[in-house]
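Structure first, commentary second.
The values are calculated or read from the model by the stated rules, or taken from the named source; none is laboratory data. Computed from a prediction, not measured in an experiment: that's the story for all the values here. As a convention, Cβ positions derive from the backbone with ideal geometry for all residues, glycine included, and neighbour counts pool all protein chains shown.
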Amino acid sequence: MESETRPHSNTSVQACKKCQQNFILETDDFSFYKKMDVPAPKICPDCRFKLRAIWRNERTLYNRTCGLCNRSIISMYNPNSPYVVYCNDCWVSDKWDPFSYAVNYDFSKSFFEQFKELLLKVPKSATYSSAATGPNINSEYANFAGGNKDGYLIFNSGPNNENCAYSRGLMESRDVYDVYYANTIENTYESINIHKSNGIAWGQNVSDCIDSRFILNCSGCQNCFGCVNLRHKSYYFFNEPLTRDEWLKRVSEISGSFIKTEEIKTKFREFSIQFPHRSNNNLKVTNCDGDYIFDSKNCHNCFEVSSSEDIRHSFSIKRSKDCADMIGHCRTSELLYNGVGVGAGSRRVICSWWVESSQDVEYSFATRQSNNCIGCDAVKNGSLVILNKKYSKEEYKKIKEHTTKELKDKDIYGDFLPSELCPFGYNESIAQDNIPLTKEEALAQGFRWEDNIQKTEGKETMKPEKILDHIKDISDDFINEVLICTECSRNYRLIKRELEFYRKMVIPIPRKCWNCRFLDRINRRGPYQFWKRNCDKCQKEITTNYVPDRLEIVYCESCYQKEVY
Ligand SMILES: [Zn+2]
Ligand SMILES: [Zn+2]
Ligand SMILES: [Zn+2]
Ligand SMILES: [Zn+2]
């Protein structure tokens, strides 16, 4: 397929060199690429997302030992992978010197061949922890997270979280279990997209609500149960007002019982499907398209983006300006392109992984407080560094010209790090959460697949049907039981704080493992993909992540606003 330029629209259509589908480049995009001094991509946004997302293994964690202090740790690197892995404390310490692994640049070899050699030698941090959002305290099972206290299996979260578990995308929150994407919440369980709320369970798209369960698209509500599209209501039960006493009676009959909660889940699903849904969950945005965008301007094809401006094709980023193709972090950065976990006051960083507080860096890995680096790994306070070796200004310029020319000649300059160098399998990474593939599809598209994902099976001490129905009947020694997931048969167990949380919130013991619960939430969140469909009321064309054949009634913004109560 040939690329063509449409003369009257200022956009051009390009065939993706990976999947061959046509995609559109907008005028705005071109000015950004020019500013970043990279050619316009020849890979479509979805393929670009996959190529980056495989580098972000947030929650496939393994037990292993630190290569320096021998402590037993958890790590995102599979023990079968070829890397030397240090615990994060050792990795950030002065007990080793990343410059001692320097590779002499060889003009006769390809850049990526040499970078691969370096990546295999330099020790890796077991988990990604952003210094910029503060340390993780007593939160061993945290990854791509910073500023968490007493966290457990918490990802892409921070700062200022305390006692949060099994969650992704939390900020400024406390006593939260099983939540996806939230800020400033407390005492919240099994919810998605929750803001400034307290005491929510089984909520979705909720803001400023208190003590409510099974609520969807509600704000300013208190003591509501099984409600959809309500504003500023209290003591509503399935969208009907009740007296306080009657409401309390009905809710207390359900809360804490696994069987009754499951019945309500089904009832609520059937009930909520009759109500119109917003085409997206964006709030306080100007000229944005995508979903879960907050307080932002000119963001296109974005997902889970807040307080940002002039952003394209980005996922899970905050407080940044003029960036494209980013996954995670970004905070207080600008002019970032094609990166994973780059941020903390960075500028002009391209095609890199976990670069913080740095400028003019390209094709680098885990590099911080540095400037003018190419192909570096774990470098700190570096300047004019290539493959972990320091150069004079003149030598640096000469090698940079050489690498840039090589990559441009191969038509890959500006493409993300080659997948062959990626430490993770497709199914270990967030690529699988957002664009799921079968093993065969992943391999056919050039990705690796990890067959040995660590999970315990067959060690259960209690079958699901033996777990007592009501939380009030669960004894303290329940935390010693090894449970088996009803979905995937993985073994799991409760932590002490978790049992205390379920008791406080009057919530039954979950029968699925934390990973299956996580996947259910991803499913309820909807995909990072958009379709055109028509408003079910006025027929206006809308862009939404509800696939056109889904059962939900989807309204454009103005029709939706007329409908809420
Ligand atoms: Zn493609
Ligand atoms: Zn260590
Ligand atoms: Zn499971
Ligand atoms: Zn409409």
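Counting the residues of the range 198-219 that are over 16 Å from S252 (Cα atoms), assigned to a strand (DSSP E or B) and either at pLDDT below 95 or of a type in the set (A, V, I, L, M, F, W, C) (or both) gives 5. Among the residues of the range 22-63, those identified as surrounded by 15 or more Cβ atoms within 10 Å (Cβ to Cβ) and assigned to a strand (DSSP E or B) are F23, L25, Y62. Considering the range 73-102, the residues that are part of a loop (DSSP other than H, G, I, E, B) and touching a Phe, Trp or Tyr at 6+ places or on another chain (Cβ under 8 Å) include one that is surrounded by the most Cβ atoms within 10 Å (Cβ to Cβ), namely M76. Exactly one residue out of I453, I471, I430 is touching a residue at least 40 places away in the same chain (Cβ under 8 Å), closer than 28 Å to S364 by Cα, aliphatic (A, V, I, L, M) and in contact with a helix residue (DSSP H, G or I) (Cβ under 6 Å, 6 or more places away or on another chain), and it is I430. Residue-level check: of (1) closer than 22 Å to R511 by Cβ; (2) surrounded by 23 or more Cβ atoms within 10 Å (Cβ to Cβ), C209 misses just (1). Just one residue in the set F315, F237 is more than 30 Å from K540 (Cβ to Cβ) and in contact with a Cys (Cβ under 8 Å, 6 or more places away or on another chain); that residue is F237. Scanning the range 151-181 for residues that are free of Cβ contacts under 8 Å to residues at least 24 places away in the same chain, assigned to a strand (DSSP E or B) and surrounded by fewer than 24 Cβ atoms within 10 Å (Cβ to Cβ) yields E162, M171, R174.
Taken together, E498, E465, E460 contain a single residue that is over 19 Å from W514 (Cβ atoms) and either touching a Lys or Arg at 6+ places or on another chain (Cβ under 9 Å) or of a type in the set (D, E, K, R) (or both), which is E465.
Every condition in (1) assigned to a loop (DSSP other than H, G, I, E, B); (2) closer than 28 Å to F315 by Cα is met by T543 except one, and the failing one is (1). For T367, the criteria (1) within 20 Å of R52 (Cβ to Cβ); (2) touching a residue at least 24 places away in the same chain (Cβ under 8 Å) hold in every case but one, which is (2). If you take the residues of the range 103-113 that are outside any helix (DSSP H, G or I) and in contact (Cβ under 8 Å) with a residue 12 or more places away in the chain, which of them is farthest from S383 (Cα to Cα)? Per the criteria, the residue is S110.
Looking across the range 27-46 at every residue that is touching a residue at least 60 places away in the same chain (Cβ under 8 Å) and farther than 15 Å from D411 by Cβ, the one that is nearest to ligand 3 (Cβ to nearest atom) is identified as D46.
Taking first residues from the range 510-534 that are without any contact (Cβ under 8 Å) to a residue 40 or more places away in the chain and partners that are within 16 Å of ligand 4 (Cβ to nearest atom) and among the polar types (S, T, N, Q), the Cβ contacts under 9 Å between residues at least 6 apart in sequence or on separate chains come to W531/T543; W531/T544; K532/T543; K532/T544; R533/S279; R533/T543; R533/T544.
Counting only residues that are in a helix (DSSP H, G or I), of a type in the set (S, T, N, Q) and within 18 Å of G203 (Cβ to Cβ), the range 252-284 holds 3 of them. For the range 475-484, does any single residue satisfy the condition of being at pLDDT 95 or above, loosely packed, with under 15 Cβ neighbours inside 10 Å, of a type in the set (V, I, T) and under 22 Å from Y141 (Cβ atoms)? Yes, some residue in the range 475-484 is at pLDDT 95 or above, loosely packed, with under 15 Cβ neighbours inside 10 Å, of a type in the set (V, I, T) and under 22 Å from Y141 (Cβ atoms). Being surrounded by 14 or more Cβ atoms within 10 Å (Cβ to Cβ) and more than 16 Å from ligand 3 (Cβ to nearest atom) is true of K537.
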